[in-house]
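Engineer: This is the structure I have questions about; it appears just below.
The values are calculated or read from the model by the stated rules, or taken from the named source; none is laboratory data. Since the model is a prediction, treat every value here as computed from it, not as a measurement. Virtual Cβ from ideal backbone geometry, glycine too; neighbours counted across all protein chains shown. Note: accessible area is taken over every heavy atom of the protein model, side chains too, but ligands, DNA and RNA are not part of it. Shrake-Rupley method; radii C 1.70, N 1.55, O 1.52, S 1.80 Å.
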Amino acid sequence: AQKITQTQPGMFVQEKEAVTLDCTYDTSDQSYGLFWYKQPSSGEMIFLIYQGSYDEQNATEGRYSLNFQKARKSANLVISASQLGDSAMYFCAMREEYNFNKFYFGSGTKLNVKP
Amino acid sequence: GAVVSQHPSWVICKSGTSVKIECRSLDFQATTMFWYRQFPKQSLMLMATSNEGSKATYEQGVEKDKFLINHASLTLSTLTVTSAHPEDSSFYICSARGLGANEQYFGPGTRLTVT
């Protein structure tokens, strides 16, 4: 089974509106970390936000927030007030405690922000 | 902070030659560095993990004799693609993680084209 599933290959959102990018994960570990990265067309991977499995509060970083639903094993990224510069690929990733070095990446979601 | 650089950003080489890609952590000590490969419109595929001063750990299916990784210092790791072939053409991205840190910080990537 895939460790990380991103079911939306592409998304469109109107500028200034909010958008949710879906991510579900599969692990039997009790301790794990969830990450979101942004990859613009230039190719660089930009770290956005982190959520630990034991964190009770949903992580927030500026316009990014992570909607963490542990029982559903989902870690959706919410981008508020979308900007044209948000157009990029977005990858969800997970790291399990027993293998601290290995990141599992999803297949990515291509977000297009329309003016 | 947490800047990772890669050099070169793109390289074209002839089949049969070797290419070295450098990955540097500029403002932190990277105890662990990672090398990924990314095909067009696909996710990142972890090739290997290296800890400073140790031999790299390669993922299943990655030829260690073809993709030589050296992590000689806390700020530098190199990936050498030996006897390159056109099928090695890809986008190679490194990332680095400091001791005890949660997130990995990625370099800008190197686009390799083998003719």
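Engineer: Using the structure shown, list the pairs from A:Lys38/A:Lys73; A:Lys102/B:Lys41; A:Lys73/B:Lys55; B:Lys41/B:Lys64; A:Lys70/A:Lys110; B:Lys14/B:Lys41 with a Cα-Cα distance above 31 Å, or answer none.
Structural biologist: Numbers: A:Lys38/A:Lys73 21 Å; A:Lys102/B:Lys41 21 Å; A:Lys73/B:Lys55 35 Å; B:Lys41/B:Lys64 25 Å; A:Lys70/A:Lys110 25 Å; B:Lys14/B:Lys41 25 Å.
With Cα atoms farther than 31 Å apart: A:Lys73/B:Lys55.
Engineer: Can I ask one more? What number results when the radius of gyration of the range B:22-92, computed over Cα atoms, is divided by 2.2 N^0.38 Å? Spell out each step's value before the answer.
Structural biologist: Numbers: Rg = 12.3 Å, N = 71, 2.2 N^0.38 = 11.1 Å.
After normalising by residue count via 2.2 N^0.38 Å, the value is 1.10.
Engineer: Now for a different question. Give me the aspartates and glutamates in straight-line cross-link reach of A:Lys16: C-alpha distance below 12 Å, same-chain residues under 8 apart excluded.
Structural biologist: A:Asp86
Engineer: Now a separate question. Between A and B, buried accessible area summed over both sides at probe 1.4 Å, in Å² to the nearest 100? Present the calculation step by step, with values, prior to reporting the outcome.
Structural biologist: On the way: alone 6310 and 6370 Å², together 11130 Å².
The contact between B and A buries close to 1500 Å².
Engineer: With r defined as the distance between the Cβ atoms of B:Lys41 and A:Met11 and R0 fixed at 22 Å, what FRET efficiency is calculated, to the nearest 0.05?
Structural biologist: On the way: r = 15 Å, r/R0 = 0.68.
The pair B:Lys41/A:Met11 has a calculated efficiency of 0.90.
Engineer: Are any of the pairs A:Lys3/B:Lys66; B:Lys20/B:Lys66; A:Lys3/B:Lys20 more than 21 Å apart by Cα-Cα distance, and if so, which? All intermediate terms of the calculation are to be shown ahead of the outcome.
Structural biologist: Values: A:Lys3/B:Lys66 28 Å; B:Lys20/B:Lys66 12 Å; A:Lys3/B:Lys20 32 Å.
Flagged as over cut-off: A:Lys3/B:Lys66; A:Lys3/B:Lys20.
Engineer: Using label points projected 7 Å from each Cα along Cα→Cβ, tell me how many nm separate B:Leu26 and A:Leu84, to one decimal.
Structural biologist: 2.7
Engineer: Another question about this same structure. What whole-number value in cubic angstrom gives the convex hull volume per residue for the C-alpha atoms of the range B:71-115?
Structural biologist: On the way: hull volume 3.6 nm³, N = 45.
Per residue, the Cα convex hull of the range B:71-115 comes to 81 Å³.
Engineer: Hey, another quick one. Please average, across the residues of A:60-73, the number of beta carbons from any other chain that are within 10 Å of each residue's own beta carbon, and give a whole number.
Structural biologist: Working: counts 0, 0, 0, 0, 0, 0, 0, 0, 0, 0, 0, 0, 0, 0.
Averaged over the peptide's residues, the number is 0.
Engineer: Kirkwood Rh over Cα pairs of the range A:35-80 into Stokes-Einstein at 10 °C, 1.306 mPa s: D in µm²/s?
Structural biologist: On the way: Rh = 11.3 Å.
In µm²/s, the coefficient is 140.
Engineer: Where does the protein assembly as shown land on Rg/Rh, using Cα atoms and the Kirkwood Rh?
Structural biologist: Details: Rg = 17.7 Å, Rh = 18.2 Å.
Rounded to two decimals, Rg/Rh equals 0.97.
Engineer: Could you work out the pair-distance distribution P(r) of the range A:62-115 from its alpha-carbon pairs, with 10 angstrom bin width and percents rounded to whole numbers?
Structural biologist: Bin by bin from 0 Å, the calculated values are 20, 44, 28, 7, 0.
Engineer: Right, next: Please give the contour-minus-distance gain from A:Asn112 to A:Asp29: 0.36 nm per residue of separation, less the Cα-Cα distance, rounded to one decimal in nm. Intermediate values should be presented prior to the final figure.
Structural biologist: Details: separation 83, 0.36 × 83 = 29.88 nm, distance 3.41 nm.
The A:Asn112-A:Asp29 span can extend by a further 26.5 nm.
Engineer: Once the piece of chain linking A:Thr20 and A:Ile46 is laid out straight, how much longer is it, given 0.36 nm per residue of separation minus the C-alpha distance between them?
Structural biologist: 7.6 nm
Engineer: With each pseudo-label sitting 7 Å past Cα toward Cβ, what's the A:Asn99-B:Asn70 distance in nm, one decimal?
Structural biologist: 2.9
Engineer: Have a look at the DSSP beta bridges in the range B:5-115 and tell me what percent are antiparallel, nearest 5. Before the final figure, lay out each step's value.
Structural biologist: Numbers: 36 of 40 bridges.
In the range B:5-115, approximately 90 percent of DSSP beta bridges are antiparallel ones.
Engineer: A follow-up question, please. How large is the Kirkwood hydrodynamic radius of chain A, in angstrom, based on all distinct alpha carbon pairs?
Structural biologist: Working: mean 1/r = 0.0705 Å⁻¹.
Value: 14.2 Å, from the Cα pair sum.
Engineer: Here's another thing I want to ask about it. From the P(r) of the range A:1-55, could you give the percentage of C-alpha pairs in the tail past 18 Å? Could the numbers behind the result be given before it?
Structural biologist: Numbers: 733 of 1485 pairs.
Of all Cα-Cα distances in the range A:1-55, 49 percent exceed 18 Å.
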